[in-house]
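Have a look at the structure below, then the notes.
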Amino acid sequence: MNYQYSVIVPFVRHLVSTADLTEIGARIAERDPTLHWCMVELKRHASLNQRRLPRLPSVMIQFHGYGALDRVFPDFTGPQLRASATHKAKQLRMLESAGVPVPPWTRLERKTELAPDVFGEHVMIKSTERGASFGRGIVLIRTADFPAFRDEHARKYDEFERSAPLVQQFINTGENAGHYRIVTFMGRVVHSRFQINTAKTPFNAPSTRMILDEKIASNTGERECWLEKDEIVNNLAREVAKVFSTPVLAIDIIKSNETGELYVLEANAGDCWMFSSAPGDWVREKFGDEAVYGQYDVYSVVADAIIKEARAQLSLEPLAASA
């Protein structure tokens, strides 16, 4: 085969399956036989990761995070599309700068003051430290009680290597917390669902401070979900994808029950290929592989995206058949 260029995909098997990458490679071969699809499985020991790469103009694409690529491929000089996570606060700043709607927010610091007309009646305190995910450690408080909460907790984040939490307006999505999860690949939507927490948020609880991981975050606790295509939501996710260079994003979007406005909570990056990784097991078990893979014809969408992006990165003529 007379290859013109190459796409190198380093991967760890439990984060994206060989079967998925093989099928994507097959779709690419149908569309552009001049692209050499080079899958490189990464091993635990660096000494086992030495590979002879194609002597072709090449692009490297990550489907998931792997921090040691420079050690594995020290001589690679081509374009790289890496899966790199972005700090939650930096994400929000980037989204705001791009005109993407996010709930009003600030950081929990000693001098933080909240304007009730901006932050509303309730705010969420959300951890930004390493390992904070899946809605863990979220606290819902009344905005009027924030000064006491701040005075009690803010000082500990002055310590070395601590990261101050986010303070964010609570957007009421209804009796049950609900959100859209949109997965994109290079800006193309490849999965979309809506999920709700089956537990109602207890606003009328007598306590003024509530630890509510399982009631105000719809990605924790008992939940219901369904596959859903909403092009207004999908278009917002596409705008989010333009802000970040990471190929695979899992974007969380909420809709205000009061105004109908959409807000982006965050764009998860790193290990978001839910089609064959552990975090997506429950989705595939619930709906079945055919429904999950077929919702947007993920293999074809990804193949087209890779061809178009790789050719652009390497200044090659666009392929007429790629989307």
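A simple charge model with +1 on the Cβ of Lys and Arg, -1 on the Cβ of Asp and Glu and nothing else charged puts the dipole of the chain at about 900 debye relative to its Cα centre.
Quick check: net charge around Ile307, other residues with Cβ under 9 Å of its Cβ, Lys/Arg +1 and Asp/Glu -1? Could you put the intermediate results ahead of the total?
Numbers: positive: Arg31, Lys308, Arg311; negative: Asp32, Asp304, Glu309.
That sum, taken over residues with Cβ under 9 Å, equals 0.
Within the same chain, lysines fewer than 8 places from Lys255 are excluded, and of the rest, those with a Cα less than 30 Å from its Cα are Lys88, Lys90, Lys126, Lys200, Lys215, Lys229, Lys242, Lys286. One way to sum up the overall shape of the chain is the equivalent ellipsoid from its Cα gyration tensor, whose semi-axes run 39, 22, 17 Å, largest first.
Potential lengthening of the chain between Thr259 and Asp230 amounts to 8.7 nm, from the contour at 0.36 nm per residue minus the alpha-carbon distance. Each Lys and Arg adds +1 at its Cβ and each Asp and Glu adds -1 at its Cβ; summed about the Cα centre, the stretch 277-321 shows a dipole of about 120 debye. If R0 equals 51 Å, the separation of the Cβ atoms of Leu316 and Arg155 corresponds to a calculated FRET efficiency of about 0.35. Among the DSSP helices (H) of the chain, those spanning at least 18 angstrom by Cα along their long axis with an average Kyte-Doolittle hydropathy of -0.5 or more are 18-31, 231-243, 298-313; this is a geometric and hydropathy rule only. As a rough footprinting exposure proxy, the listed residues Cys38, Cys272 were ranked by other beta carbons within 10 Å of their own, and the order from fewest upward is Cys38, Cys272. When only the Cβ of Lys, Arg, Asp and Glu is charged (+1, +1, -1, -1), the dipole of the stretch 61-160 relative to its Cα centre reaches about 220 debye.
What's the FRET efficiency of Lys90 with Glu30 using the Cβ-Cβ distance as r and R₀ = 35 Å, to the nearest 0.05? Present the calculation step by step, with values, prior to reporting the outcome.
Values: r = 39 Å, r/R0 = 1.13.
Computed FRET efficiency for Lys90 and Glu30 comes out at 0.35.
Residues of the stretch 174-201 with backbone nitrogen within less than 20 Å of a virtual label 7 Å along the Cα-to-Cβ line of Arg284, please, listed as ranges. Only 181-186, 189-194 pass the distance filter. Reported value for the stretch 88-269: 119 Å³ per residue, from the convex hull of its C-alpha atoms.
Taken together, the values in this text are just the output of simple stated rules run on the coordinates, not laboratory data. Remember, predicted model here, so these are calculated numbers, not experimental data. All Cβ positions, glycine included, derive from the backbone under ideal geometry; neighbour counts span all protein chains shown.
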